[in-house]
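Q: Provided herewith is a single structure, encoded as C-alpha cells, for subsequent inquiry.
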C-alpha cells in the first residue's frame, strides 16, 4: 500500500515527540502534529454525528455533540431524550484526556448526566 506518498512521522509510541517544536510550550497551543490529528478526528466526528456535532472553538479545540438515542429498531424513537457532550481537547492531546462535560437537555436529570459522565471517564481511563 503506497506508504511513500504521505510521510507521517510517528515517534515511537509518543515518547519521542515531546522535544521537537515545543519551544513555546508555555502558551497552551497545539503543535502541527497534534493539530493534524485533531482535524482528522473532528472530521470523523462530523461524519458520524453530522448536524449533531458543532465545533465551538478551534484553539483550544472544543466540540459539542448532541447525544440522543440513535437506534430506531429498538423502539427508542419515541424516547425524547438528549444531552450535550462538550469535549475540550487540552494541549498535550492525545496523551492527555480531553475534558468532558455533559449537559442534560430533554428527559435527563443532572444525576443521569453525571452517571453518563462517569461511565465515559471510565472508558477513557481503560485505554
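The values are calculated or read from the model by the stated rules, or taken from the named source; none is laboratory data. Remember, predicted model here, so these are calculated numbers, not experimental data. Neighbour counts are summed over all protein chains in view; Cβ atoms, including those assigned to glycine, are modelled from backbone coordinates with ideal geometry.
Q: Could you check residue 105 against (1) more than 15 Å from residue 124 (Cβ to Cβ); (2) modelled with pLDDT of 90 or more; (3) under 17 Å from the mean Cα position of the chain (by Cα); (4) surrounded by 12 or more Cβ atoms within 10 Å (Cβ to Cβ) and say which number it fails?
A: Going through the list (1) more than 15 Å from residue 124 (Cβ to Cβ); (2) modelled with pLDDT of 90 or more; (3) under 17 Å from the mean Cα position of the chain (by Cα); (4) surrounded by 12 or more Cβ atoms within 10 Å (Cβ to Cβ), residue 105 breaks only (3).
Q: Another question, then. Restricting segment 45-60 to residues that are part of a strand (DSSP E or B) and modelled with pLDDT of 85 or more, which is surrounded by the most Cβ atoms within 10 Å (Cβ to Cβ)?
A: In this case the residue turns out to be 53.
Q: Residue by residue through segment 45-57, note down the ones that are out of contact with any helix residue (DSSP H, G or I) (no Cβ under 9 Å at 6 or more places or on another chain) and closer than 17 Å to residue 90 by Cα.
A: 56, 57, listed by residue number.
Q: Quick one: residue 42 ticks every box in (1) touching a strand residue (DSSP E or B) at 6+ places or on another chain (Cβ under 8 Å); (2) farther than 23 Å from residue 118 by Cβ; (3) surrounded by fewer than 16 Cβ atoms within 10 Å (Cβ to Cβ); (4) at pLDDT below 90 except a single one, so which number is it?
A: Just one mismatch for residue 42, condition (3).
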